Amino acid sequence: MRTSFGPKDPNILQRGNRSVVCAASYEARRFGVRSAMPAVRAERLCPDAVFVPPDFTRYRTVSRLAREIFKRHTNLVEPLSLDEAYLDVTENKTGLPTATRVASAIREQIRQELSLTASAGVAPNKFLAKLASDWRKPDGLFVIQPEEVDTFLLPLPVGRLPGVGKVTEEKLEKLGIKTVSNLRGLDLPMLEGQFGRYGVRLYELSRGIDNSQVVPNRPPKSISAEDTFEHDVPLSETEPMIRSLTEKVWSASRKESRIPRTVVLKLKTSDFNILT
């Protein structure tokens, strides 16, 4: 099962000359506003948008409270972000007979205790649960029974599969592949020849196969810090900013048991090119 939760308030946007949209309500999205969009463009698209500065301290607190609700039902909780998590409720603490009943109980507890909406997807594996949880956002429950997997999955555009970005989608389209049903028609050697190791993943996803487990306390794959400046900063004057960000990353990395292997510096130039 996958659950995501969020506020019932209006648009949540960060405002400023160089600010970007942190998140946008479904009302704002109808105007074309999206996450990571420059705030000035968002304002042009939706002049009546309500801009609210983010409050990450509050978000982290609410996220912790939501996870406490999850853990009333199962200890197998794998957070994806502040507002999303996978739950394995094959066996649950409350003795509810089905995953659907567990999802309904969690959604109601989040509504009653946190005054938030929550969407949940119930399915035989993590990949399908992710698709299901997005199906009736921002406040819905969608269930994919094992016998319904093909009916749900095959008509979907291949772009809905995890890992299929714009480049992969264009490559598939050149092969005449637009839907999951089309993708299932390709054999494994063909997919491996075109996409390497990811071809195996595509082969499995097109058949609704995902054997990955829900892993609580999964260590993060990367740790990062970044900042946006009100005015352009000459390269020769960036050292104090880089040192400040480095200290944040180093401090966060000390909380992890693993030793990092790679350090990456990302720089956006005045003409919006990103160098790494």
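Be a star and scan the range 187-211 for residues whose amide nitrogen sits under 17 Å from the point 7 Å along the Cα-to-Cβ vector of GLU170. Within reach of a label on GLU170: 195.
For the residue pair VAL40 and VAL264, what label-to-label distance in nm results when each label sits 7 Å from Cα along the Cα-to-beta-carbon direction? Calculated label separation equals 2.8 nm. Taking label points 7 Å from Cα along the Cα-to-Cβ direction, SER236 and GLN145 give a separation of 7.2 nm.
Largest first and in whole Å, the equivalent-ellipsoid semi-axes of the range 154-205 read 14, 12, 10, each the square root of five times a Cα gyration tensor eigenvalue. When only Cα pairs below 8 angstrom with a gap of at least 6 residues are kept, the range 154-205 shows a relative contact order of 32 percent.
Sorting SER257, SER4 by the number of Cβ atoms found within 10 Å of their own Cβ, with the fewest placed first, yields SER257, SER4. Straight-line cross-link partners of LYS266 among the aspartates and glutamates, defined as a Cα under 12 Å from its Cα and at least 8 positions apart when in the same chain: GLU226, ASP227. Whole-Hz Karplus values for the range 229-244 come out as 9, 4, 10, 4, 10, x, 4, 5, 10, 8, 4, x, 5, 5, 4, 4 Hz, taken residue by residue from phi with 6.51 cos²θ - 1.76 cosθ + 1.60 and θ = phi - 60°; glycine and proline positions read x. Straight-line cross-link partners of LYS137 among the lysines, defined as a Cα under 28 Å from its Cα and at least 8 positions apart when in the same chain: LYS8, LYS71, LYS93, LYS126, LYS166, LYS178, LYS221.
A Förster radius of 41 Å, combined with the Cβ-Cβ distance separating THR57 from GLU192, puts the computed FRET efficiency at roughly 0.30. Between THR228 and SER181, the FRET efficiency from the beta-carbon distance, with R0 = 30 Å, is close to 0.10.
When you filter the trypsin sites (Lys or Arg not before Pro) in the range 126-160 for DSSP loop state and at most 13 other Cβ atoms inside 10 Å of their Cβ, you are left with ARG136.
Across the chain, Cα pairs under 8 Å and at least six residues apart give a relative contact order of 15 percent.
May I ask you to sort GLU91, GLU84 by Cβ crowding, counting other Cβ atoms within 10 Å and putting the fewest first?
GLU91, GLU84
3J(HN,Hα) couplings calculated from phi for the range 153-158 with the Karplus curve 6.51 cos²θ - 1.76 cosθ + 1.60 (θ = phi - 60°) are, in sequence order, 7, 4, x, 5, x, 4 Hz; Gly and Pro show x. Put in line by how crowded their Cβ is, counting other Cβ atoms within 10 Å and starting with the fewest, VAL102, VAL40, VAL52 read VAL40, VAL52, VAL102. Of all stretches in the chain that contain no chymotrypsin sites (Phe, Trp or Tyr not before Pro) in a DSSP loop with at most 13 other Cβ atoms within 10 Å, the longest one is 1-228. The helix-based estimate of mean residue ellipticity at 222 nm for the chain, built from -39,500 (n - 2.57) per DSSP H run of four or more residues and divided by its residue count, is -10500 deg cm²/dmol to the nearest 500.
Looking at the range 183-255, the GluC sites (Glu not before Pro) that sit in a DSSP loop and have at most 11 other Cβ atoms within 10 Å of their own Cβ are GLU226, GLU230.
The numbers here are math on the coordinates, done by the rules we state, and not lab data. Being a predicted model, the structure only gives us computed values, none of them experimental. Here Cβ is always computed from backbone atoms with ideal geometry, including for glycine, and neighbour counts include all displayed protein chains.
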